[in-house]
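Written below as structure tokens is the structure these notes are about.
Rule-based calculations on the coordinates, nothing more; no lab input. Predicted model only: the values in this text are computed from it and were never measured. Ideal geometry is used to build each Cβ from the backbone, glycine not excepted, and the neighbour counts take in all protein chains shown.
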Amino acid sequence: MDATDRAIINHLQGGFPICEHPYRVAAEQIGISEDDLLTRLQRLLDEKTLTRFGPMYQIERMGGAFSLAAMSVPEADFGRVAEIVNALPEVAHNYERAHPLNMWFVLATGTPGGIAAAITKIESATGHRVINMPKEREYFVGARFAA
């Protein structure tokens, strides 16, 4: 990453313009061209420096649901199970932890009932039990990470 990449990451964490040409406005605020911004964002995504660039929605307000889920997967089976879990469109992110419940992932579905359906699908495909941990309360942390 160069100084411009860091400026892009730092700037866009603080908000994204809501207007007819948001990338153009953001690029002007950073001091680069719209084409350069788009090219750099795509490169940062392609290189996995950024894993995602997009809005965060409160899916419950749109009729959907989020839930944190975890599984205990034997190390020898972890790769196979991760491939199955990661292939599902309902899985927002998946990561390994050094814990008896060593696979954790977020489920996001268009309806509240979609969580149970996704869990059933995962359990059937993997042969491993999924622990569902729906949120009880939401907190806004406002985390920002300086590049």
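Of note:
- Between T126, T111, T49, the Gaussian network model of the chain with springs among Cα atoms under 10 angstrom shows the greatest mean-square fluctuation at T49.
- Listed values (1) 34, 19, 14; (2) 22, 18, 15; (3) 25, 16, 16, entry calculated as semi-axes √(5λ) of the Cα gyration tensor in Å: (1)
- Where labels lie 7 Å past Cα in the beta-carbon direction, separation of E123 and N10 in nm: 4.8
- Helix content alone sets the calculated 222 nm mean residue ellipticity of the chain: runs of n ≥ 4 DSSP H residues at -39500 (n - 2.57) each, divided across all residues, give -11500 deg cm²/dmol.
- For region 11-105, applying the loop criterion from DSSP together with a ceiling of 12 other beta carbons within 10 Å to the chymotrypsin sites (Phe, Trp or Tyr not before Pro) yields Y57.
- Counting only the Cα atoms, region 59-133 fills a convex hull of 74 Å³ per residue.
- Rounded to the nearest 20, the size of the Cβ-charge dipole of the chain about its Cα centre is 400 debye, with Lys and Arg at +1 and Asp and Glu at -1.
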